[in-house]
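First up is the structure itself, then whatever we jot down about it.
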Amino acid sequence: MVSHYQVIAQSISVPRFSLSLVSLHHSHSLISNRPTPPHPPAPTPAQMLIRRSLLNQTHLHHHLRRISTAALLEEPTPTFDPTQQLTYLDNLPRPDPKYDEIIHAIPRSISGKNISSKERKAGRVPSIVFEQEDGQYGGNKRLISVQTNQIKKLVNHMGQSFFLSRLFNLEVRPEFQSDELIEKVRVLPRKLHLHAGTDAVLNITFIRAPSSALLKIDVPLVFRGDDISPGLKKGSYLNIIKRTVKFLCPPDVIPPYIDVDLSELDVGQKIVMGDLKVHPALKLLKPTDEPVCKIAGARVSEQRKSK
């Protein structure tokens with residue numbers, strides 16, 4: 001049995017639904033009867049060509065801006081012509097002729113711990129000569145032995161870092177006193193292995209250094225002018241951060257060392273790698289803003305004494 005309230009609800013809901021359908025139909029008819037806006041005319045071939053030309057010019061402009069920005073940020077790198085004869089500059093250090101010594105060597109046929117031990121007992125240092133930087137991959141490799149006393153004398157007189165940044169002439173003969181010459185070549189000591197307890201020379205790696213090569217070398221630094229440095233005179237101290245700096249060097253102008261001038265350095269000031277004065281053919285292999293040394297404030301112990 002349908003109640004009185006249900007009848008009233010049904011009678012009310014039907015007209016509402018009918019009205020909503022009518023209003024929806026009316027609005028749809030209004031929208032469909034609106035005039036459709038006219039489509040823009042298709043561009044002519046000439047207009048399309050102009051648009052394409054403007055777009056290409058815009059892309060080219062942005063590309064050139066990127067190139068010019070990169071060119072400004074990129075630092076110029078030194079150029080090296082292997083056919084050009086390089087010489088040391090007058091205002092830069094050059095090798096001391098006192099150490100122009102020929103390193104004498106004899107060939108070895110085999111390698112190994114037992115052979116190396118026998119060589120050392122006989123007063124010889126087992127060594128090897130490679131072909132430039134890729135020698136570890138087998139380029140023109142020769143096993144040799146050099147005289148222990150000669151290498152020990154050079155290392156003691158020059159210092160290890162200076163010995164490893166110096167070119168030598170190497171002569172390989174069947175015996176040390178033989179007149180027969182197997183090979184004569186200019187070499188750079190690449191690695192020097194010393195005994196941890198006695199500093200005895202255990203082995204050496206040499207690398208051939210023709211004028212056309214480019215060699216990576218840790219050039220030692222020599223600090224000068226500390227006696228007149230304004231910062232050091234005020235009681236500050238020198239904080240040495242780097243004692244060698246790696247450069248890519250043509251063999252003909254390898255610096256024996258690099259002078260670091262402290263004469264004008266005040267408290268808080270520093271010298272970075274880009275400040276080092278070297279031959280223009282050398283290429284720095286480290287960031288130019290990497291610090292080499294700095295004049296720091298007084299030490300804590302000195303500050304306590306002053307109080």
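Every number here is computed from the coordinates shown, using simple stated rules; none is lab data. No experiment lies behind these values; they were computed from the predicted model shown. Cβ sites come from the backbone with ideal geometry, for glycine too, and all protein chains shown count toward neighbours.
Please report the net charge: other residues with Cβ closer than 14 Å to the Cβ of residue 148, K and R +1, D and E -1. Cβ neighbours under 14 Å give a net charge of +4. Seen from every direction in turn and averaged, the convex hull around the alpha carbons of the range 256-296 projects onto 3.3 nm².
Applying 1/(1 + (r/R0)^6) with R0 = 30 Å to the Cβ-Cβ distance of residue 84 and residue 263, what FRET efficiency is obtained, to the nearest 0.05?
So, using R0 = 30 Å, E works out to roughly 0.30.
Once the C-beta distance of residue 212 and residue 140 is scaled by a Förster radius of 22 Å, the resulting FRET efficiency is 0.95 to the nearest 0.05. Distances between placed amide hydrogens fall under 5 Å for residue 144 paired with 108, 127, 128, 129, all partners being 5 or more residues away or on another chain.
Hey, what did the range 214-307 get for relative contact order, percent, Cα under 8 Å, at least 6 apart? Write out the running numbers ahead of the final one.
Working: 186 pairs, mean separation 33.9, N = 94.
Over the range 214-307, the number comes to 36 percent.
Note that the range 172-187 has calculated 3J(HN,Hα) couplings of 9, 10, x, 9, 4, 9, 6, 8, 7, 10, 7, 7, 10, 8, 7, 10 Hz, one per residue in order, obtained from phi through the Karplus relation 6.51 cos²θ - 1.76 cosθ + 1.60 (θ = phi - 60°); glycine and proline are x.
Both numbers refer to the Cα atoms of the range 99-209; Rg and Dmax are 13.1, 38 Å. Loop-located trypsin sites (Lys or Arg not before Pro) across the range 216-257 with a Cβ neighbour count of 10 or fewer within 10 Å are lacking, with loop assigned by DSSP. Computed from the C-beta positions of residue 290 and residue 102, the FRET efficiency with R₀ = 25 Å rounds to 0.10.
Output the Kirkwood hydrodynamic radius of the range 183-267, Cα pairs only, in Å rounded to one decimal.
On the way: mean 1/r = 0.0635 Å⁻¹.
Kirkwood hydrodynamic radius for the range 183-267: 15.8 Å.
Under 13 Å from the 7 Å Cα→Cβ point of residue 224, by amide nitrogen: which residues of the range 242-258? The answer is 256-258, whose backbone nitrogens lie closer than 13 Å to the label point. For the range 99-209, averaging the sequence separation of C-alpha pairs within contact (under 8 Å, six or more residues apart) and dividing by the residue count gives a relative contact order of 31 percent.
In the range 214-307, how does Rg compare with the Kirkwood Rh, expressed as the Rg/Rh ratio over alpha carbon atoms? The partial results should precede the final answer.
Working: Rg = 15.4 Å, Rh = 14.3 Å.
Answer for the range 214-307: 1.08.
Can you list the residues of the range 184-209 with backbone N under 18 Å from a point 7 Å past the Cα of residue 148, pointing along Cα to Cβ? Answer for this model: 192-205. Here the range 99-209 is assigned +1 on the Cβ of each Lys and Arg and -1 on the Cβ of each Asp and Glu. Its dipole about the Cα centre then comes out at about 380 debye. Do any trypsin sites (Lys or Arg not before Pro) in the range 135-205 lie in a loop, going by DSSP, with at most 16 other beta-carbon atoms within 10 Å of their beta carbon, and if so which? Hits after loop and neighbour filter: 141.
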